[in-house]
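Accompanying notes for the structure given below.
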Amino acid sequence: MAFIKIENLFKKFGTMVAVNHIDLEVIQGEILTLLGPSGCGKTTTLRCIAGLERPDEGDVLIDGKPMFSKGFVPPSQREIGMVFQNYAVWPHLRVFDNVAYGLKLQRLPKEEIKRRVNEVLESVGLSGLGKRYPGQLSGGQQQRVALARALVRNPKVLLLDEPLSNLDAKLRERMRFEIKSLVRRMNMTSVYVTHDQAEAMVISDRIAVMESGNIVQVGAPEEIYKKPANRFVADFIGTTNFIPGEIAEIRENQIYVTTEFGQKILCKVFDSATAVPDQKVHVSIRPEDIEVYAEPSGSRDNVFKGTIMHRAYLGNFLNFFVNVDHTMIRVQVPYHLRQKEGEELYLYLNPEKCIALP
Amino acid sequence: MSRGNLLISAILWSVVALFVIYPLSFLMIESFKIAGTDRYGLQNYIDFFKDPYYLKTFGNTLLLGVLVLATTTLVGLPLAYILARYRLKGKVLFTALILLPIVLPAYAGAFALIVLFGKMGTINLLLMDWGLISKPINFVFGLHGLVFIQALHLLPFIVLSISAGFTNIDPSLEEAAEVEGASGWKRFLTVTLPLTSPNYLAGAVIVFLWPFTDWLTPLIFGQQDYLPSIAYINIAYHFTDMHRKYMGIVSVVISSLICVGIFLASKTWVEKKKYTALSKGTTLEGRIIETGLFTKVWAYAYMLFIAVFVLLIPIVLGLSAFSRRWVLQPFPSYWTLDNFRLIFLETPILLKNSFVFSAVALLFGVTFGLPAAYLITRTKVPGKDTLDFVITLMLAFPGIAVGVSYLLAFWEGIPLATHWIIMPLSLFIRRLPYFLRMAHASYLQLDVSLEEASEVSGAGKFKTFINISLPLLLKGVFVGLVMFFIMAFQEISTAIFLYRGGWETLPIGIYLNWHRGMEFGIAGAMAFLMIVIIFVLLLIVARIGGGILGAAWGSSGGKY
């Protein structure tokens, strides 16, 4: 059941359209991520849900209640929790008072406030630090204070605006799992904004990929990775090779694409409804989906000969940059392969993994 | 450690030792001297605190400080909020207007107010003409007048510092409060206001301490029961009466100790509470609110209300400058250029002195300030932090303390006070921190790698300074120069103790013409001329530095 419903949301700043008539539903209890490069409108969308921004058109419904069309509901009345990119932990209040702020406004009894704040501080791993000022905490700890503050009131909706972007790489990775398990445990409907696709993959039940104010694809992380809707998504999520070409032949569930140099690639993934012959497309295949062989094995489709131009050692695997008929293809292979730069080899592009994108 | 840096440090330290530490210590020691003997003791201080008159004076000064601070805060808080948060057309112009009193001498404003609100001033005369009152109302003579004029003069310090505070708050801190359920006033009181407190304090200290340094305004309003005023009267008029002289010196020392003490305490507190350093990603202009029509009208009305008071000062002075015998009539009726003929043709020495003294002081300032800024920002010479500290401390010392200490220290022994050089010298020492602060700020903005690149390319330290640092610092340095000049040009509280016949400056001329009475036209014309000169200088700063006062005073709101 849709707990948050975004309907036809439109917002512009001056002449710049930030959010261009988008529709989106967030299901009760799920973590949905708005993912996209900076300036794609993801933060503006989040701020409209929070009420920190007012859309020019459209509406946001939380738990069935319209937030804009039937009179503006201010952020303070929306029962939301929000974690800001720069933590926004109040420097003049102790950790305890930061977290207790919202509860005090609700005029709860002192005992209850104390109990709930201590509970949530414990769950984010800050027990015993309530008396400290934020200035005496590390960045990671301040982040936890922000999280505790957002969770303590048991809000209907949890909004997270790039909450990890100011942390260092190691801590960021750990916090992903912590946030996810915490939010899961509290079964809170969450909207998470990030530009980091790996973060989105780990944390989300579903991802909405945004590009210049539009939502281009919504789906589970695996679906988005395996079946990107267009070149932008394929490029933005993970690493991929694009091989330009034209559709040569369309069959029931596969197509042949002719590259500029006359080679034919068999693709099994494509949108059969829109594909037409001679249409210009890009074949997308991820580096880890390409197999390499020293010899051409039999007469399979999608086997191409190429020369290794660069060899990059990345510890747990190797990257080969292979020149196939003047197209550079990146391949991820096991680290023990011995081939050197300048040597020739054969690439097998598994048709199940080849995606033809308009 | 390079020997060049040590040499610079040694020279700067000797200047500070001779012209700051020596005279001020002299003043301190003198205050313990038992009159008529060679012995030292606490007698003067005991006398001071036993005498109900001086205790009352002390209390008056304290009360004035509190009242001025309260008034500027009440009036300034909404104004700062409007200027920092509302999106309004013409805000830059209003800002410049409202902040104008910062660069105007306080005594100029006092004169203007007397003409307008005095017992036989324009307002009283008009009210009587219209038959609304039968006897003139006492608008300004007394505590209320002092509070009024000092609040008007000091309002910019409060407005600048609070609005800098509002602007510096990371918008998300307030948004977080909003999301947490605090709206409107609640958010303002629990988050916005506390976060502004370090900035507010920076401005509040300047305002609160002002009555401990300003001796002239109370005298203009016919009051002398304030610490600096009675100190001036005792020292300047009763120097033969040993008791009064020493009470004067004690008053100066007590004022100075209060100023320095509170200044240091607030500085420590502010540094401990630097909230802005904590949050990242602050936007440049902070949180800006789009206002409804109702709020907008109120905001404009409020800004206009204050701008009118500020503008009254130059307008009134202008009217009296071009008129004669503006007495017992609401508006002048006899127009003349005679006042200016007097200033330019009969006593051009005043103008000349003002320019020469300020220019020489400026020269001293640059010669001292640039190396000092370099030493403090770019080297690790031992003792440089102490040097910075001592120079900064000069911000807190009342001008009257510098004047009196110079008079005492440079009379016998080192008889500098018999040469005119004492005038620019004292101006330079009084405004020591101003130029340094600005050179310092520009130095901090100059990326050290630009200089390192020059040294790597083969230029020595001095060549690097001339070829790379100086051209890049020029803008900041120039703004500093002009602001220094403006401050030196209007200086009176130090100079009044040191001038002798033939060394009178424009501000001293204003004071003397007012003091002798009946020459108000000339005093007004001089003050008007001074405002014009300052205004022209400010235009130059604005042209070069962009944003008149923002550039000159930085965002920290005033003298810090």
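The values are calculated or read from the model by the stated rules, or taken from the named source; none is laboratory data. These numbers come from a predicted model, not from an experiment. We place every Cβ from the backbone using ideal geometry, glycine too, and count neighbours over all the protein chains shown. The accessibility values were calculated without ligands, DNA or RNA, using every heavy atom of the protein model including side chains. Shrake-Rupley method; radii C 1.70, N 1.55, O 1.52, S 1.80 Å.
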Given the conditions (1) within 14 Å of another protein chain (Cβ to nearest Cβ); (2) surrounded by 20 or more Cβ atoms within 10 Å (Cβ to Cβ), report the number of the one that residue B:271 does not fulfil.
(2)
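Every residue, every condition in (1) farther than 24 Å from residue A:16 by Cα; (2) within 29 Å of the chain's Cα centre (by Cα); (3) of a type outside the set (Phe, Trp, Tyr), yes or no:
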position: A:38; (1), (2), (3): no, yes, yes
position: A:46; (1), (2), (3): no, yes, yes
position: A:56; (1), (2), (3): no, yes, yes
position: A:72; (1), (2), (3): no, no, no
position: A:96; (1), (2), (3): yes, no, no
position: A:106; (1), (2), (3): yes, no, yes
Tell me the residue from A:205, A:161, A:168 that is acidic (Asp, Glu) and more than 14 Å from chain B (Cβ to nearest Cβ), please.
A:205
Breaking point among (1) within 21 Å of the chain's Cα centre (by Cα); (2) away from chain A (no Cβ under 14 Å); (3) not hydrophobic (A, V, I, L, M, F, W, C), for residue B:244:
(1)
If you check every pair at least six apart or on different chains, which have Cβ atoms under 8 Å apart with a residue in the stretch B:342-356 that is farther than 15 Å from residue B:424 by Cβ first and a residue that is assigned to a helix (DSSP H, G or I) and open to solvent by 70 Å² or more (accessible area, probe 1.4 Å) second?
B:351/B:344
Suppose we keep only residues that are part of a helix (DSSP H, G or I) and hydrophobic (A, V, I, L, M, F, W, C) within the stretch B:369-385. Which one would you say is surrounded by the most Cβ atoms within 10 Å (Cβ to Cβ)?
B:372
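Please find, within the stretch A:205-227, the residue that is farthest from residue A:160 (Cα to Cα) out of those that are open to solvent by 10 Å² or more (accessible area, probe 1.4 Å) and part of a loop (DSSP other than H, G, I, E, B). So that I can check it myself, show each step before the final result.
Step one: list which residues in the stretch A:205-227 are open to solvent by 10 Å² or more (accessible area, probe 1.4 Å), which gives A:205-206, A:211-212, A:214-218, A:220-223, A:225-227.
Narrowing the set further to residues that are part of a loop (DSSP other than H, G, I, E, B) leaves A:205, A:212, A:220, A:227.
Details: A:205: 15, A:212: 20, A:220: 19, A:227: 26 Å.
Looking at the filtered set, the residue picked out is A:227.
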Inspect the stretch B:241-252 for any residue being at pLDDT 90 or above, charged (D, E, K, R) and either in a loop (DSSP other than H, G, I, E, B) or out of contact with any Lys or Arg (no Cβ under 7 Å at 6 or more places or on another chain) (or both) and give the result as yes or no.
no
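Of a type in the set (A, V, I, L, M, F, W, C), within 18 Å of residue A:218 (Cα to Cα) and buried (at least 24 other Cβ atoms within 10 Å of the Cβ), is that true of residue A:26?
It is false that residue A:26 is of a type in the set (A, V, I, L, M, F, W, C), within 18 Å of residue A:218 (Cα to Cα) and buried (at least 24 other Cβ atoms within 10 Å of the Cβ).
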Can you tell me which residues in the stretch A:95-153 are within 13 Å of chain B (Cβ to nearest Cβ), in contact (Cβ under 8 Å) with a residue 40 or more places away in the chain and among the aliphatic types (A, V, I, L, M)?
A:99, A:100, A:103, A:137, A:145, A:146, A:147, A:148, A:150, A:151, A:152
Of the residues in the stretch A:163-188, those that are among the polar types (S, T, N, Q) and in a loop (DSSP other than H, G, I, E, B) come to A:165, A:166, A:187
Residue hits (the stretch B:400-418; under 24 Å from the mean Cα position of the chain (by Cα) and β-branched (Val, Ile, Thr)) are B:400, B:402, B:404
Name the single residue that is modelled with the highest pLDDT among those in the stretch B:518-553 being closer than 30 Å to residue B:271 by Cβ and open to solvent by 30 Å² or more (accessible area, probe 1.4 Å).
B:546
Selected residue (criterion: surrounded by the fewest Cβ atoms within 10 Å (Cβ to Cβ)) from residues of the stretch B:411-468 that are modelled with pLDDT under 80, among the charged types (D, E, K, R) and under 30 Å from residue B:354 (Cβ atoms):
B:412
By my count, helices (runs of 4 or more DSSP H) wholly in the stretch B:100-190 with at least 2 residues that are in contact (Cβ under 8 Å) with a residue 60 or more places away in the chain, within 30 Å of residue A:108 (Cα to Cα) and within 14 Å of chain A (Cβ to nearest Cβ) are B:171-179
By residue number, the members of the stretch B:320-356 that are assigned to a helix (DSSP H, G or I) and either in contact with a strand residue (DSSP E or B) (Cβ under 9 Å, 6 or more places away or on another chain) or at pLDDT below 80 (or both) are B:338, B:339
Okay, helices (runs of 4 or more DSSP H) sitting entirely in the stretch A:69-162 with 2 or more residues that are more than 21 Å from residue A:180 (Cβ to Cβ), I get A:95-105, A:110-123
Residues located in the stretch A:57-88, provided they are surrounded by 15 or more Cβ atoms within 10 Å (Cβ to Cβ), over 23 Å from residue A:29 (Cβ atoms) and more than 8 Å from every other protein chain (Cβ to nearest Cβ)
A:58, A:68
Can you find a residue in the stretch A:123-132 that is in contact with a Phe, Trp or Tyr (Cβ under 9 Å, 6 or more places away or on another chain) and crowded, with 20+ Cβ neighbours inside 10 Å?
no
Of the residues that make up the stretch A:31-43, is at least one polar (S, T, N, Q), free of Cβ contacts under 8 Å to residues at least 60 places away in the same chain and in a loop (DSSP other than H, G, I, E, B)?
no
So residue A:144 ticks every box in (1) basic (Lys, Arg); (2) surrounded by 19 or more Cβ atoms within 10 Å (Cβ to Cβ); (3) within 24 Å of residue A:60 (Cβ to Cβ) but one. Which box is left unticked?
(3)
Quick check on residue B:196: is it over 28 Å from the mean Cα position of the chain (by Cα), farther than 29 Å from residue B:486 by Cα and assigned to a helix (DSSP H, G or I)?
no
